[in-house]
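Reviewing the structure listed below.
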Ligand code: BG6
């Protein structure tokens with residue numbers, strides 16, 4: 001594969017769609033004293049500014065309960081940005097960026113605080129020429145969504161003035177099951193229309209996730225093979241060496257299936273399995289993804305027992321460090337039945353994918369971190385070089401992270417007089433080919449929301465469809481009297497042996513990462 005990008009005027013080079021430049025606006029972050037603001041949101045906005053993509057007229061208002069001044073908020077954010085920013089902090093740039101950040105103290109439930117917010121936003125519009133455009137970012141627990149949205153509506157902040165816009169970004173978890181997701185959607189859509197609602201799934205903002213569509217639809221060689229005639233199966237893996245990292249209470253009520261599969265992994269599956277959209281408009285792309293969600297074969301309790309493995313990490317050692325069992329983590333029940341690992345076999349029941357299993361696995365405290373999609377092609381016939389069936393199949397691996405890139409395993413002749421066939425790799429690395437670091441997911445997503453491009457955000461029907469699929473698994477896990485077992489695995493391993501058996505039964509095995 002060529003390792004240097006050609007210079008061309010191909011609009012896809014700049015992203016999945018021809019995004020207009022972001023317009024002047026004010027970004028209002030609810031829950032501004034939370035971790036996400038410090039680790040992701042402000043560093044992302046700073047990096048957008050450093051890349052020269054932030055509109056000159058832009059203000060950021062942090063809305064939170066704690067007592068802080070604009071100055072103390074700015075200096076905390078400076079420290080965080082120094083630590084978490086993708087690019088080093090340029091003092092001059094930071095100063096001009098920080099001058100646009102403000103802190104607004106209020107309880108979430110205090111209507112008067114929203115009235116003051118509305119006045120402050122009007123004043124900022126006048127002083128900063130932000131034209132009445134507002135992006136509200138709900139970085140709060142889902143239980144707070146309803147109250148905040150209701151109060152925004154009560155003071156009219158959900159309504160944009162003529163020629164302006166008002167949008168809302170909603171963070172995950174977006175519900176805990178289908179009924180709760182539906183009622184959250186009702187709450188949000190009572191206040192903001194679906195077109196102004198941006199549900200974040202940060203995996204969609206990852207450069208390599210966006211590249212799946214480019215790989216499939218901007219190359220002639222893959223798409224003709226991208227179906228059940230040539231593909232044997234697909235594996236999607238998201239492995240993390242980290243544990244729950246102080247998020248015990250959240251994780252106890254969530255587990256790996258709701259935390260990762262319902263959103264990130266099903267989104268990746270949709271990008272791999274979807275049909276080509278007619279154009280790159282947000283709804284054209286999302287229509288195709290929804291069709292995949294609808295085609296997921298619903299799992300009966302028997303199928304869950306057979307095709308879904310749930311696991312929980314026991315104590316173990318990762319990179320030479322002893323780590324405790326999940327049940328010994330802070331604020332986790334010593335008898336917890338929450339899964340920290342899931343492996344499942346999924347079928348997409350449509351014309352293209354009939355008979356091709358998608359194996360999905362995700363887990364915490366695994367041996368190594370990495371997210372990848374491996375598309376394994378069917379083997380060549382058992383003749384010529386494959387008489388003894390020793391020639392392995394071609395595998396196309398899309399590495400979402402780390403070491404973002406794509407590799408294709410092909411068979412080659414080992415040099416020498418005898419005919420010995422050996423697998424070799426054609427490898428493309430983002431880092432070396434493009435010579436610049438990929439933007440962080442939140443950079444891309446904030447920029448898109450400011451520009452009014454919802455392509456990389458989850459639509460209501462996608463989210464609800466994914467919950468419908470996942471709810472059946474949860475229901476089977478909680479059925480009485482004999483729910484399927486929760487399998488223990490040692491921290492630092494690759495998950496429970498039952499997950500290996502899931503593939504072995506089909507004559508396959510997980511790819512070693
Ligand atoms: C989050 C989950 O959505 O994604 C976390 O809540 C998980 O549990 C994280 O660790 C993984 O994201 P990334 O970008 O580090 O792969």
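Only the coordinates and a few stated rules stand behind these numbers; no lab work does. As the structure is a computational prediction, the values presented were derived from the model and not from experiment. When we count neighbours, we look across all protein chains shown, and the Cβ atoms used for this are built from the backbone with ideal geometry, even at glycine.
Determine one quarter of the surface area of the Cα convex hull of the stretch 381-466, which equals its mean projected area, and express it in nm² to one decimal.
With the hull built on Cα positions only, its mean projection is 10.1 nm².
Take the alpha carbon gyration tensor of the stretch 148-211, find the square roots of its eigenvalues, order them as a ≥ b ≥ c, and report rounded if a/c is under 1.5; if not, report prolate when a/b exceeds b/c, else oblate. If you can, show how the numbers build up before the last one.
Working: a/c = 2.89, a/b = 1.32, b/c = 2.18.
Oblate is the answer for the stretch 148-211, as a/c is 1.5 or above yet b/c matches or exceeds a/b.
In percent, how large is the relative contact order of the stretch 85-238, given Cα pairs closer than 8 Å and 6 or more residues apart? Mind showing how you got there, number by number?
On the way: 118 pairs, mean separation 25.7, N = 154.
17 percent.
Report, for the chain, the % of DSSP beta bridges that are antiparallel, rounded to 5. Present the calculation step by step, with values, prior to reporting the outcome.
Details: 44 of 81 bridges.
Of all bridge pairs located within the chain, approximately 55 percent are antiparallel.
Where does each of 83-89, 230-236 land if you order them by average Cβ count within 10 Å, highest first? Don't jump to the answer; show the numbers that get you there.
Details: 83-89: 13.7, 230-236: 20.4.
Output ranking for 83-89, 230-236: 230-236, 83-89.
Starting from the Cα gyration tensor of the stretch 91-131, take the square roots of the eigenvalues, sort them a ≥ b ≥ c, and report rounded, prolate or oblate (rounded when a/c is under 1.5, otherwise prolate if a/b is larger than b/c, else oblate).
Details: a/c = 4.91, a/b = 1.69, b/c = 2.90.
Oblate, since a/c reaches 1.5 and b/c is not below a/b.
Sort the following peptides by mean Cβ neighbour count (other Cβ atoms within 10 Å, averaged over residues), highest first: 239-247, 408-416, 455-463.
Working: 239-247: 16.7, 408-416: 12.4, 455-463: 22.4.
Result, highest mean first: 455-463, 239-247, 408-416.
Would you mind listing how long the stretch 69-174 runs along its three principal axes, going by Cα atoms, in whole Å with the largest first?
Per principal axis, max minus min of the Cα coordinates gives 40, 34, 25 Å.
Helix 142-154 against the longest principal axis of the chain: what's the angle in degrees, Cα atoms only, rounded to the nearest 10?
40
Given an 8 Å cut-off on Cα distances and at least 6 residues of separation, report the relative contact order of the stretch 258-332 as a percent. Could you put the intermediate results ahead of the total?
Working: 38 pairs, mean separation 12.6, N = 75.
Rounded, it is 17 percent for the stretch 258-332.
Calculate for the chain the 222 nm mean residue ellipticity that helices alone would give, adding -39,500 (n - 2.57) per DSSP H run of length 4 or more and normalising by residue count, nearest 500 deg cm²/dmol.
Details: 15 runs with 164 residues, N = 513.
Calculated from helices alone, the mean residue ellipticity at 222 nm is -9500 deg cm²/dmol.
Measure out, as a whole number of angstrom, how far apart the alpha-carbon centroids of the stretch 415-460 and the stretch 82-156 sit.
32
When only Cα pairs under 8 Å and 6 or more residues apart are kept, what is the percent relative contact order across the chain? If you can, show how the numbers build up before the last one.
Working: 923 pairs, mean separation 94.4, N = 513.
Taking the mean separation of contacting Cα pairs over the length of the chain, I get 18 percent.
Starting with the fewest neighbours, write out 21, 274, 260 ranked by other beta-carbon atoms found within 10 Å of each beta-carbon.
Details: 21 9, 274 24, 260 21.
Taking fewest neighbouring Cβ atoms as first place, the list is 21, 260, 274.
Mind pulling the angle between the C-alpha long axis of helix 441-451 and the longest principal axis of the chain? Nearest 10 degrees, somewhere in 0 to 90.
It works out to around 50 degrees.
What ranking do 37-47, 387-397 get when scored by the average of other Cβ atoms within 10 Å per residue, highest first?
Working: 37-47: 23.4, 387-397: 14.7.
Listed from highest to lowest mean packing, they are 37-47, 387-397.
Shape call for the stretch 309-378 from the C-alpha gyration tensor, a ≥ b ≥ c root eigenvalues: rounded (a/c under 1.5), prolate (a/b greater than b/c) or oblate? Walk me through the numbers before you get to the answer.
Details: a/c = 4.56, a/b = 2.04, b/c = 2.24.
It comes out oblate by the Cα gyration axes.
Using only Cα atoms, find the angle between the long axis of helix 460-477 and the longest principal axis of the chain, and express it within 0 to 90 degrees, rounded to the nearest 10.
Helix 460-477 sits at roughly 60 degrees to that axis.
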